[in-house]
Amino acid sequence: MRILDTLSGKKIAVKKPKNGLKLFVCGPTVYDYSHIGHARTYIIFDSFVKYLRFLKNKVFYLQNITDIDDKIINRAKDKNIRPEKLAKQFEKEYYTDIKALNINSVDKYAPASKYIKEIQKQIAVLLKKNFAYETKNGVYFQVKKFTNYGNLSKQNLSELRHGYRIEQDPQKKDPLDFALWKETKENIGWDSPWGWGRPGWHIEDTAITEKFFGPQYDIHGGANDLKFPHHESEIAQQESASGKKPFVKIWMHTGFLLINGDKMSKSLNNFITIREFLKKNSSSDLRMIALSHHYRSPINYNDEVLASAKKSLKNIEDFITTLKFVELNAVNKKGGTNIKKILEKFENDFKKALDDDFNTPKALSEIFNLINQINPKLWKLSKKEAIAIKTSINKLLKLFEINYASTEIPLKIAKLAQERQLSRQNKQFVPADRLRIKIERLGYLIKDTPLGPFVTKR
Ligand code: AMP
C-alpha cells in the first residue's frame with residue numbers, strides 16, 4: 001500500500017514493521033460538540049486503520065485530546081465554569097459522538113493535561129540545545145534555528161512572516177517564534193522551571209508521541225488546516241530535540257468539509273454537529289459521504305451530497321435484498337455463471353484502489369460495477385452464488401462500517417402478495433391487480449420475476 005506523503009509529495013510504501021505501525025492523528029480541542037467536519041477526518045482515519053488491520057498489519061493508533069487551550073479557557077469564562085470541567089464534559093461528548101459513528105479503532109486517547117511532565121521535559125531539552133529561549137512571558141521556539149521550517153506547507157520564512165497572525169509578545173525574537181510554555185496569571189496552570197503556566201499547543205503532540213512512540217514514527221495524520229503552523233512546528237520541535245530525521249515517514253492530510261462552499265462557523269450559523277446530523281440521518285449516511293470522496297479532496301456538503309449518499313446506500317440495500325430473494329427461490333442448482341472469477345476480480349480491484357493512496361471512492365465504485373455486472377444474471381444465480389456475492393460485499397462494507405438497512409417484509413404484506421399470486425394462478429387478473437395496488441399503497445412494490453413475485457420496499 002502506498003500513501004501520498006505531504007512533505008515529499010511522493011507516494012510512499014506503508015511498511016509492515018515487526019513491532020507494528022505507529023499512527024498518530026491530531027485529536028479535537030474539547031470546548032464544544034464535534035461537528036461533521038471533525039467526523040470526516042476521523043471516519044477516514046478509522047477506515048484507514050481498519051483496512052491496515054484487514055491486511056494483517058499490527059497498528060497502534062494514538063490520538064491526543066487538546067484539553068488545555070485558549071478556546072477552552074475563554075468558553076469556560078463565558079459559561080462561568082472551570083476550564084477543566086468544560087474540557088472534561090466535551091471530551092466525554094466527543095467519545096459519545098464518535099462511538100455513534102462506529103469509530104472505534106483508536107488504541108489510546110491521550111489528553112494533554114495528563115502529560116505535563118513529558119511536555120516540560122521536551123521544553124527543557126530544547127532550551128538546553130539552544131533551540132528555545134525564555135522571555136518574561138514564557139518559553140519560545142526559535143524558528144530561525146530550524147532550517148527546514150516551511151517545507152511541509154511549502155512556504156518560505158518571509159512568506160510565512162508576511163501571512164502569519166503574530167502572537168502578542170514584544171519580547172519574541174521573531175514573529176514566527178512560537179510558544180512552548182506560556183506564563184499565566186490565571187489559576188489554570190502548572191508549576192514549571194519557567195514559572196506558573198501552561199504548554200503551547202504544538203508541544204503537547206510531540207511530547208505525547210515521544211512518550212508512546214519515541215522520537216520517530218510511521219504516520220502522522222490530521223486535516224489540511226493543521227499543516228501550518230501546527231505540523232510544521234511539530235517537525236521543528238521533535239527533530240531539534242532528538243537530532244533524528246525524519247520525525248515521521250508519512251504525513252497524511254485530509255481535505256476540509258465545507259458547508260455550501262463556506263467554512264463551518266458559529267457566526268454563519270452553518271455549524272452541523274455530529275449529533276444533530278444523526279437525529280435525521282444514519283451513521284452510514286455520513287460514512288458514505290466521507291468515503292465517497294477522496295480523503296485529500298475537500299467535500300462541499302449540501303443537500304445533494306446527502307441525497308446522493310442515501311441513494312448509493314439504497315442501491316446497495318436493494319441489490320442485497322434481491323440477492324436474499326434469489327437465495328430463497330433459486331431454481332438453478334448448479335450455478336456456473338462465472339461468479340467465483342467475477343468476485344475474485346472485484347475484491348482485487350477493491351483492494352487495488354485502497355492500496356493506491358487509499359482511494360475509497362474508487363473502491364466504492366467497484367461495488368457498483370459489481371452490481372451492474374450481476375444484475376443481468378440475477379435470476380440465473382444458484383443459491384450458493386447469491387450467498388457468495390452477498391458475503392463478499394458485506395465483508396468489504398464492514399471495513400468501512402457502512403451498514404445498509406435490511407428490508408424485512410411485514411407478514412401482512414407477504415400474505416397479500418401470496419393472495420395475489422393465487423388469484424393470478426387462477427387467472428383472476430382483476431382481483432390480482434387490486435391486490436397489487438393495495439400493496440403499493442402500503443409502501444411496497446411487487447415485481448414478477450422468473451423466480452416468482454418479489455416484494456420490496458418502495
Ligand atoms: P480541532 O478540534 O479544530 O482541533 O480539530 C480536530 C481535528 O479535526 C483536526 O485534525 C482538524 O484538522 C480536523 N477538522 C476540523 N475541522 C474540520 C473540517 N471542517 N473538515 C475536516 N476536518 C476538520
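The values are calculated or read from the model by the stated rules, or taken from the named source; none is laboratory data. These figures come from a predicted structure and were not determined experimentally. All Cβ positions, glycine included, derive from the backbone under ideal geometry; neighbour counts span all protein chains shown. Protein only, heavy atoms only, side chains kept; ligands, DNA and RNA dropped before computing areas. Shrake-Rupley method; radii C 1.70, N 1.55, O 1.52, S 1.80 Å.
Table for the structure above
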quantity: Beta bridges per DSSP with both ends in the chain, % antiparallel, nearest 5; calculated: 50
quantity: Table column - 3J(HN,Hα) (Hz), region 145-157, Karplus curve with 6.51, -1.76, 1.60, x for Gly and Pro; calculated: 6, 10, 5, 8, 5, x, 5, 5, 8, 6, 9, 8, 4
quantity: Given Lys88/Lys117; Lys77/Lys182; Lys279/Lys351; Lys279/Lys447, the pairs whose alpha carbons are separated by over 22 Å; calculated: Lys279/Lys351; Lys279/Lys447
quantity: Whole-Hz couplings from phi, Karplus 6.51/-1.76/1.60, listed for region 33-45; x for Gly and Pro; calculated: 5, 6, 10, 6, x, 4, 4, 4, 5, 6, 5, 4, 5
quantity: Inter-probe distance in nm under a simple model that places probes 7 Å from Cα toward Cβ, at Asn74 and Lys383; calculated: 6.6
quantity: Charge-dipole axis of the chain as Lys and Arg at +1 and Asp and Glu at -1 on Cβ define it, positive-most pick from Thr66, Gly255, Ile43; calculated: Ile43
quantity: Simple Cβ-charge dipole of region 304-399, Lys/Arg +1 and Asp/Glu -1, about Cα centre, in debye nearest 20; calculated: 560
quantity: Region 1-45-region 259-326 distance, computed between alpha-carbon centres (Å); calculated: 21
quantity: Cα-derived Rg over Rh, computed across the chain with Rh taken as Kirkwood radius; calculated: 1.09
quantity: For Ile12, residues with placed amide H under 5 Å, excluding near neighbours; calculated: Ile3, Leu4, Asp5
quantity: Amide H contacts under 5 Å for Ala223, placed H, 5+ residues apart; calculated: Thr254
quantity: Three principal axis lengths of region 59-174 [C-alpha, angstrom, descending]; calculated: 45, 40, 30
quantity: DSSP-defined beta bridges in region 1-87 - what % are antiparallel, rounded to 5; calculated: 35
quantity: R0 of 45 Å, Cβ-Cβ distance Lys415-Ile272: FRET efficiency to nearest 0.05; calculated: 0.60
quantity: Debye intensity ratio in log₁₀ form over the Cα atoms of region 365-458, taken at each q of 0.20, 0.22 Å⁻¹; calculated: -1.05, -1.13
quantity: Label-point separation in nm, Glu408 to Lys314, each point 7 Å along Cα→Cβ; calculated: 2.2
quantity: Distance (nanometres) between label positions extended 7 Å along Cα→Cβ at Lys128 and Asp433; calculated: 9.2
quantity: Contour excess over end-to-end distance, with Cα ends at Ser365 and Arg296 and 0.36 nm allotted per residue; calculated: 23.1 nm
quantity: Nearest-ten-degree value, helix 232-242 long axis tilted from longest Cα axis of the chain; calculated: 60
quantity: Solvent accessible area, Å² - Glu134, 1.4 Å probe, full protein context; calculated: 100
quantity: Rg and Dmax [Cα atoms of region 304-399; Å; Rg one decimal, Dmax integer]; calculated: 13.8, 43
quantity: Dipole magnitude (debye, nearest 20) for region 57-119, charges at Cβ of Lys, Arg, Asp, Glu; calculated: 160
quantity: Using alpha-carbon coordinates, inclination of helix 429-441 to the longest axis of the chain, degrees; calculated: 10
quantity: Calculated from backbone phi, Karplus (6.51, -1.76, 1.60) coupling profile of region 199-206 in Hz, x at Gly/Pro; calculated: x, x, 5, 5, 6, 4, 5, 6
quantity: Probe 1.4 Å, accessible area per residue of the chain, Å²; calculated: 49
quantity: Stokes-Einstein D in µm²/s, Kirkwood radius over Cα pairs - region 411-457 at 10 °C with 1.306 mPa s viscosity; calculated: 152
quantity: Whole-number percent relative contact order across the chain, with pairs defined as alpha carbons under 8 Å at least 6 apart; calculated: 16
quantity: Theoretical gain in end-to-end length, Lys211 to Lys58 [0.36 nm per residue, Cα-Cα removed]; calculated: 53.2 nm
quantity: 5 angstrom amide H check on Ile65, placed H, neighbours 5+ away; calculated: Ala110, Ala112
quantity: Relative contact order [Cα under 8 Å, 6+ residues apart], region 411-457, whole percent; calculated: 32
quantity: Gap separating the Cα centres of region 181-230 and region 64-105, nearest whole Å; calculated: 17
quantity: Region 387-451 versus region 115-135: alpha-carbon centroid distance in Å; calculated: 67
